[in-house]
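This report concerns only the one structure given below.
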Amino acid sequence: MTTTIVLLILTATILLRGAAAVLALRLARHLRHRWHCYLLLGSLIVATLRPLYTLCRALISPQGFAPDILEEILSLGVSFLLLGGIYGLQPVLEEIRNQGERYRRVVEATKEGILIVSPAGMVNFVNRQMAKMLGFPEEALLQRPYLDLIVPASRERAAALLREKPDGPGSVADLCLQTAGGGELCTLVSCTPIAAETNSPGGTLLMAMDISERRRIEEALRSSENFARATVDALAQRVAILSADGGILAANRCWQEHAHCPFPEQPVQGDNYLDLLDHAATRGHAAADAFARGIRGVLVGQLSEFTLEYSRTNDGEVRWYLGRITPFNNDGGTFAVVTHDDITALKTAEAAVKELAYQDTLTGLPNRLLLQDRLDQQLIQAGREQEQVAVLFLDLDHFKVVNDTLGHGAGDHLLQVVAKRLLGCVRKSDTVARIGGDEFVIILNGLDNSGDATVTARKILHALTLPVRLEGQEVFTSTSIGIALFPDDADKAENLISHADMAMYLAKEQGRNTYRYFSRNLNDRAQQRLRTEVDLRHALDRREIQLYFQDQVAVADNRICGVEALIRWNHPERGMLLPGEFLPLAEETGLILPLGNWILRRACEKAREWDRQGCPPVRIAINLSRRQLADPELLPTLRQTLADTGLPPERIELEVTENILQQDPAMAAAVLPRLSGLGVTIAVDDFGTGFTSLNLLRRLPVKRLKIDHTFIHEIFTDQAAAAIVRTTIGLAHNLGLTVIAEGVENEQQRAFLLVQGCDELQGVHLTRPAPEIEFLRLLRPPTPPVPSPSSTSGT
């Protein structure tokens with residue numbers, strides 16, 4: 001029994017001490033100095049071997065070991081106490097282990113790189129973020145000299161961090177670290193000294209934050225600020241920034257170098273701008289007072305912006321400035337930007353533009369705009385004082401001839417001479433204006449009766465008939481004048497000018513170099529003319545324009561050798577209109593261009609249609625007006641028409657009047673050869689009515705002369721007319737030209753022309769102009785008679 005108890009006690013002692021050893025091993029992982037645990041573990045192993053030895057002896061000889069057993073019982077109690085103490089320490093040690101793990105995770109999770117450097121300058125610890133920032137493995141950084149990680153330019157500051165005293169507050173520095181790829185990493189490094197302990201030599205804790213992006217942003221901001229400063233300094237305007245109390249916080253170079261304020265002083269950065277303005281206002285500078293009130297209104301939010309134009313006189317020179325105040329908010333405060341622009345050049349330009357806007361640059365006379373303004377004012381005054389106002393509308397006669405023959409320089413000089421002569425014919429209170437080209441308008445105010453306007457008109461006619469020396473030769477000119485009166489003819493300025501214009505056209509129609517007063521029937525004519533223009537614009541679309549044809553007969557064999565295309569307008573209200581009733585209006589308004597293009601294409605199409613119907617090929621004559629001849633699209637249009645219709649160009653004869661050759665010989669000499677180059681024939685219509693130079697006629701590609709019908713009509717009543725006809729025929733033949741007489745109305749005229757050797761005839765004695773269908777019956781060859789059945793059977 002005793003032996004059994006002893007064995008149980010020894011066995012329990014061994015088991016308890018073995019358990020204590022296992023707990024000691026687990027404890028060793030949490031102790032800072034593991035050798036403490038290993039010493040404890042050794043003691044436990046020795047203590048465990050001793051009861052094991054006693055147990056073996058008891059089993060061999062149970063007797064005589066009572067003291068030993070008692071001792072083991074006591075040892076068993078101690079083992080219980082030891083095991084309980086170690087087991088009680090385990091939660092504390094586990095908490096220590098968990099807290100250390102948390103600290104490790106924090107160190108690894110932080111975005112800052114962490115280094116611990118020993119007092120010898122070697123890296124003892126590095127976290128994962130620091131290794132990632134530098135691009136090295138963690139192992140490659142441990143036990144590496146700390147300064148090797150710093151670029152040379154930052155090493156002095158980096159070394160200073162290591163010299164921080166352990167009890168110091170630490171410091172912060174910008175350091176550039178060397179990366180694994182040879183690059184540089186800008187960091188903000190905070191330094192915390194670690195005090196030495198009994199078992200620790202101390203060192204330095206360094207935490208580095210990557211500030212590369214911040215540096216880039218700072219550099220961009222710095223560059224942007226420098227750019228903005230350079231831009232503002234380069235401005236020609238004076239710029240300053242004011243604080244809320246009016247102090248000058250900043251100013252650009254131009255502000256600092258030039259006087260720019262509505263007062264004599266030169267404010268600079270640091271001055272209070274409002275105080276200077278107020279001081280200047282007390283000395284009578286009104287602009288300074290207005291500018292100060294504007295700044296205060298902007299700063300307190302009453303005004304969104306303030307501008308002020310003011311002038312300053314420096315050394316006798318007046319210069320103009322534009323001051324502007326604009327608010328802006330920054331960090332909750334209100335500031336103002338003040339600018340001063342030198343606008344002297346702009347003011348000068350505005351004055352020049354105003355002069356150009358109201359004055360004719362060539363003559364110095366008022367232009368249409370100033371004329372309108374003055375006439376409005378004169379009519380108001382005349383209505384108040386019950387006076388008459390006369391408006392004279394003048395247009396120079398044959399001014400274009402001067403321009404075309406002597407050049408535009410001579411024409412301009414003539415206009416200047418006319419302007420001076422007109423001013424000499426009126427009072428200083430009257431207005432003489434040039435409204436464009438060779439047109440002038442005169443306002444005669446304060447008239448007692450219309451006779452005063454007549455007197456002035458006669459003075460003008462006389463003054464303008466005096467010769468003018470141009471390009472070394474004397475030139476004579478004249479004018480046509482239309483007169484309208486206020487309040488008899490109109491009570492508005494635009495109506496007065498319009499009515500005077502109508503009267504001027506009447507003066508031109510009645511021989512030029514005269515004057516005519518406006519009358520109500522002129523207004524009726526103008527209204528009729530306006531309605532005709534509107535109807536004519538729609539006539540082509542409404543198919544109201546028609547072609548009539550009149551044949552041209554060869555004298556030698558009496559055959560039809562040519563056809564002239566003549567235009568008619570079948571007006572829905574006024575019936576069939578002849579060319580003289582609408583073509584002058586078409587020429588004036590430009591409608592002659594679409595009409596002429598239609599005539600050209602329609603005539604060519606009809607000629608090709610006649611060819612397909614077996615008619616003999618004849619040339620077709622088409623009239624060209626002056627505006628058509630001047631149209632740059634004439635040649636392309638003619639070329640396209642010939643291509644589209646397939647009509648040979650030699651079948652087309654283009655007729656231009658002698659007046660066109662006389663009025664614009666330069667244009668004729670330029671255009672007619674180009675038309676002839678397309679293969680068409682050129683003819684001169686109405687020959688004998690003008691004064692065409694024979695030298696010009698010789699140089700132009702003319703093939704045919706058409707004697708004007710007025711001479712043919714007067715052959716037997718006017719010897720001069722007969723002589724002109726004979727001379728024209730002889731002249732044409734001597735120049736190698738063909739002659740055609742138009743307007744032949746009877747057999748006697750035909751016989752006379754036959755005797756004189758005229759080549760071709762045209763007129764109502766032969767055939768009257770006829771529409772397309774009727775003329776086709778004349779042109780088509782007669783159909784041979786069909787043999788009767790009886791004659792066939794009798795053969």
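Checked against a 27 Å cut-off, the cross-linked pairs LYS606/LYS706; LYS606/LYS703; LYS347/LYS420; LYS400/LYS420 give Cα-Cα distances beyond that limit for LYS347/LYS420. Summary of packing: across the peptides 143-153, 335-345, the per-residue average of other C-beta atoms within 10 Å ranks them, highest first, as 335-345, 143-153. On a per residue basis, segment 533-779 carries 45 Å² of accessible surface, using protein heavy atoms and a 1.4 Å probe. Over segment 662-702, the Kirkwood radius and the radius of gyration, each from Cα atoms, give a ratio Rg/Rh of 0.94.
Per residue, the convex hull around the alpha carbon atoms of segment 394-447 comes to 70 Å³. These residues, ARG458, ARG651, go from largest to smallest accessible area, 1.4 Å probe, as ARG458, ARG651.
Each listed q (0.11, 0.16, 0.18 Å⁻¹) maps to a log10 I(q)/I(0) for segment 359-518 from the Debye sum over equal C-alpha point scatterers, namely -0.40, -0.84, -1.05. For the peptides 391-398, 473-480, residues were scored by their other Cβ atoms within 10 Å and the scores averaged per peptide; the highest-first order is 391-398, 473-480. Across the accessible surface of segment 110-217, with the other protein chains kept in place and a 1.4 Å probe, carbon and sulfur atoms take up 55 percent. In straight-distance terms, cross-link reach from LYS459 covers every one of the aspartates and glutamates whose alpha-carbon lies under 16 Å from its own, apart from those fewer than eight places away in the same chain; here that gives ASP395, ASP430. Taking label positions 7 Å along the Cα-Cβ direction at both ALA357 and GLN546, the computed distance is 5.5 nm, reported to one decimal.
The values are calculated or read from the model by the stated rules, or taken from the named source; none is laboratory data. Bear in mind the structure is a predicted one, so any value in this text is a computation, not a measurement. Cβ: placed from backbone, ideal geometry, glycine included. Neighbour counts: every protein chain shown. We work out accessible area using only protein heavy atoms, side chains counted, and drop any ligands, DNA or RNA first. Shrake-Rupley method; radii C 1.70, N 1.55, O 1.52, S 1.80 Å.
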